[in-house]
1. How high is the relative contact order of the stretch 242-322, in percent, with contacts defined as C-alpha pairs under 8 Å that are six or more residues apart?
2. Explain nothing, just compute: Karplus ³J(HN,Hα) = 6.51 cos²θ - 1.76 cosθ + 1.60, θ = phi - 60°, for every residue of the stretch 60-75 in order, whole Hz, x for Gly and Pro.
3. Excluding Val49 itself, calculate the net charge of residues whose Cβ lies under 12 Å from the Cβ of Val49, where each Lys or Arg counts +1 and each Asp or Glu counts -1.
4. Of all trypsin sites (Lys or Arg not before Pro) in the stretch 192-297, which ones are in loop regions per DSSP and have a Cβ with at most 15 other Cβ atoms within 10 Å?
5. When only DSSP loop residues count, what trypsin sites (Lys or Arg not before Pro) in the stretch 1-92 have their Cβ near at most 14 other Cβ atoms within 10 Å?
6. Under a 5 Å amide H to amide H cut-off, with H placed in plane at 1.01 Å, what residues pair with Arg299 once short-range neighbours are removed?
7. Which whole-number percent of Cα pairs in the stretch 1-87 have a distance greater than 18 Å?
8. Between the DSSP loop rule and a limit of at most 11 other Cβ atoms within 10 Å, which trypsin sites (Lys or Arg not before Pro) in the stretch 108-140 are left?
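What follows is calculated from the coordinates using simple rules that are stated; it is not laboratory data. The structure displayed is predicted, hence computed values, not measured ones. Quick reminder, even Gly has a Cβ in these numbers, built from the backbone with ideal geometry, and neighbours come from all protein chains shown.
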Amino acid sequence: MRSPLLDTPGAVAAEAPDATVAAHYGEPFAEQRALASGRAVVDRSDREVVRVSGPDRLSWLNSLSSQKIDNLAPGTPAQTLFLDLQGRVEHHLVLVDDGEAVWAHVEPGTAAELVAFLEKMRFMLRVEVADVTSDYAVVSVAAPGGAVHLPEALPEGTVVVGGDLLIPRVRLATVAEDLGLRPAGLWAYEALRIEAHVPRLGIDTDHKTIPHEVGWIGEAVHLSKGCYRGQETVARVHNLGHPPRRLVFLHLDGSVDTLPGRGAPVTLQDEGEGAPVGYVGSAARHHELGPIALAVVKRTVPVDAVLLAGGVAASQEVIVPPDAGRNVEIDPALRRRIR
């Protein structure tokens with residue numbers, strides 16, 4: 001549903017799948033700086049919200065998804081994945097339990113499929129699942145990897161999920177004023193997300209993505225919990241092999257006017273327009289780093305190779321190392337923290 005904040009003077013709509021929220025409000029770099037310093041709120045109300053209530057909710061979700069959440073303390077944010085039988089990622093949830101229900105927000109257009117799957121898996125358990133997107137909107141007061149400083153006064157009924165707030169949708173039009181923050185567009189959030197090396201489902205992933213490839217081990221996957229759908233693939237890669245692809249951070253050539261599009265091929269520069277070795281996911285212009293992107297490339301691509309991302313020259317930073325798997329842990333230092 002279209003956000004009322006698109007009626008703000010200067011607002012420019014984002015592109016699909018985020019076309020119902022603002023990309024920016026006329027000052028993209030100023031909005032980035034404000035968000036990085038905790039002085040802005042981002043409308044992410046195109047994301048969808050699912051609520052799971054009932055006394056069996058945590059143990060039930062724990063049995064179905066990749067993260068250990070059966071003993072999740074109220075108010076503690078977490079991430080989890082739903083995988084298919086081959087271990088490929090179908091859903092990524094950012095969630096919190098408030099003591100009575102689990103609240104999760106997911107990518108635009110994915111809640112109905114998730115709810116339908118959960119309804120099929122209820123059996124005789126004491127759980128209730130509801131898509132509450134029409135009642136709650138997602139806004140963010142911190143960027144991924146950034147420090148979270150919550151405003152002192154939150155709208156009544158707000159659910160806090162780390163730096164994300166699930167607010168009653170009727171309060172969305174006045175959320176910036178209510179929180180005492182300036183509005184920042186999605187471009188600001190996305191640039192800081194890319195800087196923090198945080199992948200986004202459906203943007204930096206495709207239908208073949210497994211958790212090891214994009215660094216979701218640990219943050220969204222617990223390696224010592226009980227069985228869940230797709231766990232065999234996770235365990236096999238972690239103990240015996242390597243993922244076929246790896247997520248990389250790209251510094252793009254700043255002399256080029258355009259950013260590579262989502263899905264644009266990544267090739268080796270010394271091979272020109274040769275066979276693709278990967279694809280571009282997210283790309284943005286950062287207020288300090290210039291043009292940047294996330295891409296998924298073959299594991300065998302040398303870490304020092306100069307790449308072409310949609311024809312744009314790019315140097316790479318390692319996020320997921322080529323030797324990920326076989327009990328090799330991803331160094332937390334490779335996950336950027338926004339200062």
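1. Details: 195 pairs, mean separation 34.3, N = 81.
Relative contact order here is 42 percent.
2. 5, 5, 4, 6, 9, 10, 7, 9, 7, 10, 5, 10, 5, 6, x, x
3. Net charge in that neighbourhood comes out at -2.
4. Within the stretch 192-297, the qualifying trypsin sites (Lys or Arg not before Pro) (loop, at most 15 other Cβ atoms within 10 Å) are Lys208.
5. Arg2
6. Those lying under 5 Å, H to H, from Arg299 are Arg245, Arg246.
7. Percent of Cα pairs beyond 18 Å in the stretch 1-87: 62.
8. Listed in order of number, the matching sites are Arg126.
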